[in-house]
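Novice: Quick one: the structure is below, questions incoming.
The values are calculated or read from the model by the stated rules, or taken from the named source; none is laboratory data. Just so you know, these numbers come straight off a predicted model, no measurement behind them. Cβ placement follows ideal geometry from the backbone for every residue including glycine, while neighbour counts extend to all protein chains displayed. Note: accessible area is taken over every heavy atom of the protein model, side chains too, but ligands, DNA and RNA are not part of it. Shrake-Rupley method; radii C 1.70, N 1.55, O 1.52, S 1.80 Å.
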Amino acid sequence: MQSANILLQPGVMPRLLQGLWVTIWLAAVSVALSVPVGLVTGWLMTLRNPVIRVIMRIYLDFIRIMPQLALLFIAFYGLARAWNWNLDATGACVFVFVLWGGAELGDLVRGALESIPAIQYESSYMLGLSNWQTFTHVILPQAVRRLLPASVNLATRIVKTTSLATLLGVVEVIKVGQQIIDAHRFDYPAGTLWVYGVIFAMYFVVCWPLSMAARYLEKRWANE
Amino acid sequence: MSEPMLTVDNLLKHYAGAERNVFDGISFDVPKGKVLVIIGPSGSGKSTLLRCVAGLEPIQGGTIALNGQVIDRGEPGNEKSGRAKRSSQLRTKIGMVFQSYDLFPNRTVLGNITMAPVMVQKRPKPDVEREAMELLKRVGLADRAQAKPHELSGGQRQRVAICRALIEHPELMLMDEVTAALDPEMVHEVLDVVLELADAGQTMLIVTHEMQFARAIADKVIMIDSGGIVETSDDPEAFFAHPTTQRAQEFLRTFEFSRHRRTEKDGAGAQTA
Amino acid sequence: MSEPMLTVDNLLKHYAGAERNVFDGISFDVPKGKVLVIIGPSGSGKSTLLRCVAGLEPIQGGTIALNGQVIDRGEPGNEKSGRAKRSSQLRTKIGMVFQSYDLFPNRTVLGNITMAPVMVQKRPKPDVEREAMELLKRVGLADRAQAKPHELSGGQRQRVAICRALIEHPELMLMDEVTAALDPEMVHEVLDVVLELADAGQTMLIVTHEMQFARAIADKVIMIDSGGIVETSDDPEAFFAHPTTQRAQEFLRTFEFSRHRRTEKDGAGAQTA
Amino acid sequence: GPNAGTPSEAGGTATGSSAQGGSAAKARTLDEIKKSGELRVAVFSDKAPFGYVDKDGNYAGYDVVFAERLAKDLGVKPVYTSVDPAARVDVLSSNKVDVTLANFTVTPERAEKVDFAKPYMKVSLGIVSPEDAPIKDVKDLEGKTLIVAKGTTAETYFEKNHPEIKLLKFDQYADAYNALLDGRGDAMSTDNTEVLAWAKANKGYVVDVTNLGDVDTIAPAVQKGNTELLDYINEEIEMLGNEQFFHEDYKETLEPVYGDAANPDDIVVEGGVVEENTTK
Amino acid sequence: MLDWAFVSRYAPFFVTGAEMTLFISVFGIALAILTGLVCAAIETARIPVLRQIVRVYIEVSRNTPLLVQLYFLYFGLPKLGFVWSAEMCAIIGLGFLGGSYMSEAMRAGLEAVPQIQRENAYMLGLSSRQTMLHVVIPQAISTSIPGVVANVIFLIKESSVVSAIALADVMYMAKDLIGMYYTTYEALFLLIVTYLIILLPISIIGTWLERRFDYAKR
Ligand SMILES: Nc1ncnc2c1ncn2[C@@H]1O[C@H](COP(=O)(O)OP(=O)(O)OP(=O)(O)O)[C@@H](O)[C@H]1O
Ligand SMILES: Nc1ncnc2c1ncn2[C@@H]1O[C@H](COP(=O)(O)OP(=O)(O)OP(=O)(O)O)[C@@H](O)[C@H]1O
Ligand SMILES: [Mg+2]
Ligand SMILES: [Mg+2]
């Protein structure tokens, strides 16, 4: 197992960590941008306007049915040329993850808003609250509680999906790993096992706490 | 009786898509300081009636007036228009307590009660909190002010819901089967509060299936069924003892269990199924 | 009265982790062909008692005997052992109807009723179906034989649940608040069926909060509270009219609404909250 | 599993049929590049010693040394984008980079999509195989599995001329080499320089086929129609020829790997002029 | 805008790619369902040590990307002497990933069956086998189906990354066309159409199945 020494080579772990940082950055930016997109999407989905309904339906279904990798390819190779967008690989990834995260989150928002019993609106009406007060003080706080656990889960999924960015050439943790494997292919031909093993563990270390947090929130707010 | 607080005149209500009208024009009034109890079989429209008065349902005909002022006028064809367009201020004049579970789950008991007066009536928060605590004491829940609704029993929740409506000093209170979702023991703790309210002169419109309670609290009773009023009575005691219409008699009988079937029992013996 | 069908002797029940015993050794019996009604406040252990008799809960002391044969004997420390180890055959001798909504959702009404006799008692299917149809006719549901449970109202479901238990010809029927989850109108259609069963001589152990119904059906009443029997009576009529113990008097009073609070009302006038 | 054919096995030049005006994203002018202060270059990040990321995480290699000089002479900084072989055309046509310097072999198909400048290197294909089962000739490959990287000259060559050979294609060179090491194929093919260097470092592997196909040149590429930048690069290459820049480059980046296994003149092209006296 | 001649010439390759996608998916999903069943059974039965192992497996599987799992299986494990074919790696990878998702869906189904249903069966005299077979499992299936169908679609989509280990699936075909002939639009068009043809019917069948087994709806 002396091939494990590849991990001790100067620069290897720092570079992997740097790569991981890119992964996290990519995921964080995508999640951060998904939130406003998701809120708007979710709100649009609750509207009764038939045209908006159909559009949102198609948007959601298309995003859901296409593999994320296919979406990445479409964004990276297709859209940039068609719309004269200068999307680099990272940009294409963020674009796709936000579209995808926004759609998923939008559906969660819709679900959360629709799951609030009508009686909550009616009580607020009877108490004289305005529509805006009802939304901000009654509906939203309840919706957020239903929303948050699922959103944290979505964040975990986004982190995992950022792994696909490597296939567009984004230099994130997997790509860095491949570069390291390549740079050491003469001295540590069996380094592959260890480098991929470490990357595997890194994803776990990032995603697992998120999953736990989601589960905790879910339990904590389950009975309220 | 004194002058009417609520006057419902020739009310017509139709749900979008429904085959027939829930009400084909019904009229009644609630005098100030009195309690009107509405009874009737399931599906007869008791909840709908309360919701119309509350402004939660659009009406298609007739008028609803509060203190002689028309607050809602029926418009044919507005089945889908949602809630009536009443001002916040008007809405605070009518309080409502629903069947159950309608406290705001994200606020404490105190937060639930103080929210509307502070946000709608713009009253100073300390005053409101002081009054809220008094109300809570009245319903026996002063020690639960900081609890979250999910920590309360059903009966406690309903008492909080009553406080939440009361703190706005509504002229009219609407109560729709406030104990229907409760365990029998809790029924009493809630209805005692309602009885006290009546004693204090609160004008109320109450829907209930608890006939004993109805009998005890009502100043006036109406029974509704299939779109109209079956029987009205200003003497609840007499009504519950001897309803005049056959429909009311039948209805009241469903709350009793006749023994005559039992008498044959000993004779029937072991020829069981 | 005739010889006891069920004898509960010195029953002790403790839930794992609970501070104290639900029962500290209670004893009673149900004579053959009679109806024993159990009343008591919420949390007093009525359901637990029925579940112990049913074999759904392990018991920690005392015995339960059916027709003189001990079917369950308490063992201290077996709180976590789950259901009692009773033979299929013994289990068919005790039927149970729960609070509500417990039909098998994936089978039709008829399928629900015929399942156990065919699978457990190995009776020929045509016979069983014929009998099932007769039972359904008796409870007024012959035309719903092919319906799925979710297409039925609550009252209809409970009547099917009763048929499902009856078709195994249980010697003892247990009923735990069978109408607690029902609309008032439906209560009657279900309780009428139970009254008829009693008339036909079915031995039953019934938990209910409907005092009127309890009074009508009971041959014998026991009231339980805080781990023991508060009062037993072989004359239900007398018991409901004048319970001897103070605890029973208090309990029965929670089902009445006193008018005396109301009398002050007119005097109290407008000094409302 | 199902025996999957690949699109490329259909053979023929499908390329001509596709509209070439695909580049909606207009390339930047020389002025715009100078103004931005950055030259965006597509390079490999896993193809030592031509384009790779060294142990310190910096881009290095034969292509990168050229890119550094190109940028320096323009008075700007180079900014690198790591590409897969298959992405080299698209990064240009979608204007994600200004120039591709990623061991880009000049082929007629590619020349329809991008504009190649004068060459700075020349190669032909080589095949590397395990010592104990050496591939001495293309014929030996019949019925065997050959590993290639997607989008490389090797892929195109074998698709076109030897459809009978089963190809196993990977996105990255690193993956392809690993597949060879793990015995997932019988041999691997790519530019001869590359396989030579690799075989030298990996015991148990030999290169017995070194000059397959035509001698191909390797050149920088810019977006189709970006003549301004193209002309500039051509001038630059001619100018660098005078100072024998690419021999220097060779000494710095390739010699430490190849040692005496290769002759610099077989690889390096100076001033954009290919001399025909390559040693076979 | 699209070159239809090119599209029709290369469409057959996407059919082959779809075959590969389906081949990997069918076996991967079958393995996932099997794994899920075993795990759900272990968790519901609360078998002591195995249960902990299952928990760890589920956490690892759910919190790592399939791509990394595949790289590890395909490039990493050979260094330990396990050389599995790409197909094998892909199927095992999908099964490893999907097993945890399937297990959760099935467990949720089992747990959603109210205790009172088992108690009724007990009171009617049904044996525990009969109770499981005729009462619990039919209801569990009905609640599990939406989750399982969603997972099936999810896994088919996830299978698109197997092109990274040189399996000629739909995604691989698209990359190949782009890499060789630079016919980006045509390749992407064929890619979208192929995935729609594979996934739309499954999604529709899933909705139908959900309705079909929705008898537990109360
Ligand atoms: N939103 C609605 N849309 C259409 N029909 C409705 C709606 N709400 C109630 N109905 C119908 O209107 C009639 C009256 O219903 P309502 O709930 O007012 O009866 P209720 O007397 O309150 O019954 P219960 O005693 O069961 O509460 C019923 O036939 C019901 O089915
Ligand atoms: N599974 C359990 N584990 C622990 N304690 C329990 C359990 N089930 C019931 N208890 C407790 O045992 C006591 C008796 O409960 P039980 O349900 O038998 O009362 P009940 O008389 O049927 O009440 P109700 O009228 O509300 O149905 C209660 O204090 C209850 O909290
Ligand atoms: Mg109602
Ligand atoms: Mg109970």
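Novice: For B:Ser47, which of the numbered conditions (1) among the small types (Gly, Ala, Ser); (2) within 16 Å of ligand 1 (Cβ to nearest atom); (3) assigned to a loop (DSSP other than H, G, I, E, B) fails to hold?
Specialist: With respect to (1) among the small types (Gly, Ala, Ser); (2) within 16 Å of ligand 1 (Cβ to nearest atom); (3) assigned to a loop (DSSP other than H, G, I, E, B), B:Ser47 is out only on (3).
Novice: Then there's this: Taking B:Thr232 and the conditions (1) under 18 Å from B:Pro41 (Cα atoms); (2) crowded, with 21+ Cβ neighbours inside 10 Å; (3) more than 13 Å from the chain's Cα centre (by Cα), which numbered condition does it fall short on, given that it satisfies the others?
Specialist: It is condition (2) that B:Thr232 fails.
Novice: If you don't mind, there's one more thing I want to ask. With respect to D:Pro49, is the statement that it is under 30 Å from D:Arg184 (Cα atoms) and touching a helix residue (DSSP H, G or I) at 6+ places or on another chain (Cβ under 7 Å) true?
Specialist: Considered against the rule, which asks whether it is under 30 Å from D:Arg184 (Cα atoms) and touching a helix residue (DSSP H, G or I) at 6+ places or on another chain (Cβ under 7 Å), D:Pro49 comes out as yes.
Novice: Sticking with this structure for a sec: Quick one: in the range B:84-108, which of the residues that are facing chain A (nearest Cβ under 7 Å) and of a type in the set (Phe, Trp, Tyr) is nearest to the chain's Cα centre (by Cα)?
Specialist: Going through the qualifying residues, I end up with B:Phe98.
Here is a yes/no grid of residues against (1) more than 16 Å from ligand 4 (Cβ to nearest atom); (2) farther than 24 Å from C:Val97 by Cα; (3) at the interface with another protein chain (Cβ under 8 Å from one of its Cβ atoms); (4) at pLDDT 85 or above:
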residue	(1), (2), (3), (4)
C:Leu174	no, no, no, yes
C:Val190	yes, no, no, yes
C:Ile217	yes, no, yes, yes
C:Asp225	no, no, no, yes
C:Pro236	yes, no, no, yes
C:Thr245	yes, yes, no, yes
C:Ala248	yes, yes, no, yes
C:Glu264	yes, yes, yes, no
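Novice: Return the residues of the range C:3-21 that are in a strand (DSSP E or B), under 16 Å from C:Gly62 (Cβ atoms) and more than 14 Å from ligand 4 (Cβ to nearest atom); say none if nothing qualifies.
Specialist: Restricting attention to the range C:3-21, the residues satisfying the condition of being in a strand (DSSP E or B) are C:4-13.
Now drop any that are not under 16 Å from C:Gly62 (Cβ atoms), which leaves C:4, C:6-13.
Hits for the range C:3-21 are C:Pro4, C:Leu6, C:Thr7, C:Val8, C:Asp9, C:Asn10, C:Leu11, C:Leu12.
Novice: Okay, next question. Return a yes/no flag: does the range A:137-153 have any residue that is more than 8 Å from every other protein chain (Cβ to nearest Cβ) and touching an Asp or Glu at 6+ places or on another chain (Cβ under 8 Å). Walk me through it before giving the result.
Specialist: As a first pass, look at the range A:137-153 and keep what is more than 8 Å from every other protein chain (Cβ to nearest Cβ): A:139-140, A:143-144, A:146-153.
Okay, now just the ones that are also touching an Asp or Glu at 6+ places or on another chain (Cβ under 8 Å), so A:149.
For the range A:137-153, residues more than 8 Å from every other protein chain (Cβ to nearest Cβ) and touching an Asp or Glu at 6+ places or on another chain (Cβ under 8 Å): present.
Novice: Examine the range A:18-39 for a residue that is away from chain E (no Cβ under 12 Å), open to solvent by 20 Å² or more (accessible area, probe 1.4 Å) and modelled with pLDDT under 85, and state whether such a residue exists.
Specialist: Looking through the range A:18-39, none of the residues is away from chain E (no Cβ under 12 Å), open to solvent by 20 Å² or more (accessible area, probe 1.4 Å) and modelled with pLDDT under 85.
Novice: Can you give me the number of residues within the range B:46-78 that are within 14 Å of chain C (Cβ to nearest Cβ) and either open to solvent by less than 20 Å² (accessible area, probe 1.4 Å) or touching a Leu at 6+ places or on another chain (Cβ under 7 Å) (or both)?
Specialist: Matching residues across the range B:46-78 total 1.
Novice: With respect to E:Ser103, is the statement that it is within 12 Å of chain A (Cβ to nearest Cβ), in contact (Cβ under 8 Å) with a residue 12 or more places away in the chain, small (Gly, Ala, Ser) and closer than 25 Å to A:Pro67 by Cβ true?
Specialist: On the way: within 12 Å of chain A (Cβ to nearest Cβ): no; in contact (Cβ under 8 Å) with a residue 12 or more places away in the chain: yes; small (Gly, Ala, Ser): yes; closer than 25 Å to A:Pro67 by Cβ: yes.
Judged against the criteria, E:Ser103 is not a match.
Novice: Within the range D:181-196, which residues are crowded, with 24+ Cβ neighbours inside 10 Å and not charged (D, E, K, R)?
Specialist: D:Ala187, D:Met188, D:Ser189, D:Thr190, D:Asn192, D:Thr193, D:Val195, listed by residue number.
Novice: Looking only at the range C:22-45, which residues are open to solvent by 10 Å² or more (accessible area, probe 1.4 Å), within 12 Å of another protein chain (Cβ to nearest Cβ), touching a residue at least 60 places away in the same chain (Cβ under 8 Å) and within 13 Å of ligand 4 (Cβ to nearest atom)?
Specialist: Selection gives C:Pro41 alone.
Novice: Taking the condition more than 16 Å from ligand 2 (Cβ to nearest atom) and free of Cβ contacts under 8 Å to residues at least 24 places away in the same chain, does C:Pro124 pass?
Specialist: So C:Pro124 passes the test.
Novice: Here is a follow-up. Give the residues of the range A:107-131 that are out of contact with any Leu (no Cβ under 8 Å at 6 or more places or on another chain) and closer than 24 Å to A:Ser34 by Cα, sorted by residue number.
Specialist: A:Arg110, A:Gly111, A:Leu113, A:Glu114, A:Ser115, A:Ile116
Per-residue answers, yes or no, for (1) under 20 Å from the mean Cα position of the chain (by Cα); (2) within 11 Å of chain E (Cβ to nearest Cβ); (3) surrounded by fewer than 21 Cβ atoms within 10 Å (Cβ to Cβ):
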| residue | (1), (2), (3) |
| --- | --- |
| C:Leu110 | no, no, yes |
| C:Met115 | no, yes, no |
| C:Pro126 | no, no, yes |
| C:Glu129 | no, no, yes |
| C:Ala142 | no, no, yes |
| C:Lys148 | no, yes, yes |
| C:Val160 | yes, no, no |
| C:Arg164 | yes, yes, no |
| C:Glu171 | yes, no, yes |
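Novice: Another question about this same structure. Only residues that are more than 19 Å from C:Asp29 (Cα to Cα) and among the aliphatic types (A, V, I, L, M): list them for the range C:197-243, please.
Specialist: Result: C:Leu197, C:Ala200, C:Met211, C:Ala216, C:Ala238, C:Ala241.
Novice: Pull up the range C:11-21, narrow it to residues that are hydrophobic (A, V, I, L, M, F, W, C) and surrounded by fewer than 20 Cβ atoms within 10 Å (Cβ to Cβ), then point me to the one that is nearest to the other protein chains (Cβ to nearest Cβ).
Specialist: For the range C:11-21, the residue satisfying everything is C:Ala16.
Novice: Of all residues in the range E:121-167, which are part of a helix (DSSP H, G or I), hydrophobic (A, V, I, L, M, F, W, C) and within 14 Å of chain C (Cβ to nearest Cβ)?
Specialist: Once the filter is applied, which keeps residues that are part of a helix (DSSP H, G or I), hydrophobic (A, V, I, L, M, F, W, C) and within 14 Å of chain C (Cβ to nearest Cβ), the range E:121-167 yields E:Ala121, E:Met123, E:Met132, E:Leu133, E:Val135, E:Val136, E:Ile137, E:Ala140, E:Ile141, E:Ile145.
Novice: Say whether the condition of being open to solvent by less than 10 Å² (accessible area, probe 1.4 Å), in a loop (DSSP other than H, G, I, E, B) and within 11 Å of chain A (Cβ to nearest Cβ) is met by at least one residue in the range E:65-75.
Specialist: First pass over the range E:65-75, keeping only residues open to solvent by less than 10 Å² (accessible area, probe 1.4 Å): E:65-71, E:74-75.
Filter once more, keeping what is in a loop (DSSP other than H, G, I, E, B): E:65.
Filter once more, so that each one left must be within 11 Å of chain A (Cβ to nearest Cβ): E:65.
Checked the range E:65-75: at least one residue is open to solvent by less than 10 Å² (accessible area, probe 1.4 Å), in a loop (DSSP other than H, G, I, E, B) and within 11 Å of chain A (Cβ to nearest Cβ).
Novice: Pick from C:Leu12, C:Leu103: which is away from ligand 2 (no atom under 16 Å from the Cβ), at pLDDT 90 or above and over 16 Å from C:Leu174 (Cβ atoms)?
Specialist: C:Leu103
Novice: Determine which single condition C:Val187 fails, assuming it passes every other condition in (1) within 16 Å of ligand 1 (Cβ to nearest atom); (2) surrounded by fewer than 21 Cβ atoms within 10 Å (Cβ to Cβ); (3) not small (Gly, Ala, Ser).
Specialist: Tallying (1) within 16 Å of ligand 1 (Cβ to nearest atom); (2) surrounded by fewer than 21 Cβ atoms within 10 Å (Cβ to Cβ); (3) not small (Gly, Ala, Ser), C:Val187 fails exactly one: (2).
Novice: Can you name the helices (runs of 4 or more DSSP H) wholly within the range D:20-127 that have at least 2 residues being away from chain E (no Cβ under 14 Å), in contact (Cβ under 8 Å) with a residue 60 or more places away in the chain and surrounded by fewer than 24 Cβ atoms within 10 Å (Cβ to Cβ)? Give the derivation first.
Specialist: On the way: elements: D:30-36, D:62-74, D:88-93, D:108-113.
Output list reads D:30-36, D:62-74.
Novice: While we're on this one: Being on the phi < 0 side of the Ramachandran plot, touching a helix residue (DSSP H, G or I) at 6+ places or on another chain (Cβ under 8 Å) and within 16 Å of ligand 1 (Cβ to nearest atom) narrows it down to one residue among B:Phe251, B:Phe239, B:Phe255; which is it? Walk me through it before giving the result.
Specialist: On the way: B:Phe251 fails: touching a helix residue (DSSP H, G or I) at 6+ places or on another chain (Cβ under 8 Å); B:Phe239 fails: within 16 Å of ligand 1 (Cβ to nearest atom).
From the options B:Phe251, B:Phe239, B:Phe255, the qualifying one is B:Phe255.
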